[in-house]
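Asks: Supplied in structure tokens, the structure appears directly below.
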Amino acid sequence: MQNLVSASVLSADMLNLESEIRRLENSGIDMLHFDVMDGVFVDNITYGLPILERVRSTTKMFLDVHLMITDPRRYIEKFAAAGADLISFHLESQSDTADTIKAIKSCGIKAAVAIKPATPAEEVLRYIPDLDMVLVMTVEPGFGGQSFIAETTDKVRAVRNKITELGLDTLVQVDGGINDKTAPIVKKAGANVLVSGSYLFNSKDMAVSAAGLKEEIIC
Ligand code: DX5
Ligand code: ZN
């Protein structure tokens, strides 16, 4: 299975975001992961629409927008207009899930639902036929640089099994604490889009680290 890497710019040097984006483009990174936090859904506040617009204006990279906000439905059209290629929102948010998926697709972009570590995989399974991707959080959303929660691996497996059973090619993304040690575990469980922030940005050679994350696992 071909694995993709989505680099979380939460770990980038924000004063030099443009050169950081050039670094991603030159390192074989497949997607730019843009974490939007509102300080209510999670305990942190990051960046939003104006920065996404500026990022869009400088790169053709696939923009993977992860909304960690209370009412994502309210902002779908705005994030799509700002340049998102895919929007992930949380099942635990206050927005209606089916309605929000529909809104994302009406904008002509890809849709994903994210689940926090404590949310059972079963709660997202029924939405799979309508989704391009499922995001299984492997840390508590809110901050970069946390340690991988091993118990989330079973949920990755449950999501992948359902996708296989349905004969679909829905992507399975993992986000949080992904590095050279944890990547083989999640890939074996069926993840094929790996978000990585601190590991990639702190590595000596981003291209080499990205290639390692993308390596196929022969089960
Ligand atoms: C956490 C964010 C992640 C985070 C990943 O809430 O959703 O995307 O930036 O960072 P690392 O790879 O450092 O765990
Ligand atoms: Zn994220």
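Asks: Most exposed first by the Cβ proxy, i.e. fewest other Cβ within 10 Å, how do 166, 49 rank?
Replies: Least to most surrounded, the residues fall as 166, 49.
Asks: If each residue's Cβ is checked for other Cβ atoms within 10 Å, how do 116, 181, 155 rank with the fewest at the top?
Replies: 181, 116, 155
Asks: So what is the relative contact order for region 14-104, in percent, with contacts set as C-alpha pairs under 8 Å and at least six apart?
Replies: Result for region 14-104 is 27 percent.
Asks: What residues have an amide H closer than 5 Å to that of residue 114, excluding those fewer than 5 places away on the same chain, when H is modeled at 1.01 Å from N in the peptide plane?
Replies: Residues meeting the criterion, in which the H sits 1.01 Å from N, are 89, 90, 91, 135.
Asks: Among DSSP bridges having both ends in the chain, what percentage is antiparallel? Round to the nearest 5.
Replies: 5
Asks: Report Rg (one decimal) and Dmax (nearest whole number) for region 4-214, counting Cα atoms only, units Å.
Replies: 15.7, 46
Asks: Taking amide H positions as placed 1.01 Å from N in the peptide plane, with prolines and chain starts having none, which residues 5 or more places from residue 8, or on another chain, fall under 5 Å of its amide H?
Replies: Amide H to amide H, under 5 Å and 5 or more residues apart or across chains, residue 8 pairs with 33, 196, 197.
Asks: Can you put 105, 204 in order, fewest other beta carbons within 10 Å first?
Replies: 204, 105
Asks: Quote the charge dipole size of the chain about the Cα centre in Debye, to the nearest 20; the model charges only the Cβ of Lys and Arg (+1) and of Asp and Glu (-1).
Replies: I would put it at about 300 debye.
Asks: Please identify every one of the trypsin sites (Lys or Arg not before Pro) in region 51-102 that sits in a loop by DSSP and has no more than 13 other beta carbons within 10 Å of its own beta carbon.
Replies: Those that pass, being in a loop and sparsely packed, are 60.
Asks: Any idea what the relative contact order of region 1-160 is, in percent, if you count C-alpha pairs under 8 Å spaced at least 6 apart?
Replies: After rounding, I find 16 percent.
Asks: In whole angstrom, how far apart do the alpha carbon centroids of region 90-136 and region 54-83 sit?
Replies: 15
Asks: Here's a follow-up. Can you give me the Rg/Rh ratio for region 91-193, using Cα atoms for both radii and the Kirkwood formula for Rh?
Replies: 0.96
Any read-out appearing in this document is the output of simple, stated calculations on the displayed coordinates, not a laboratory observation. The shown structure was predicted, so the numbers you read here are calculated from the model rather than taken from an experiment. Ideal geometry is used to build each Cβ from the backbone, glycine not excepted, and the neighbour counts take in all protein chains shown.
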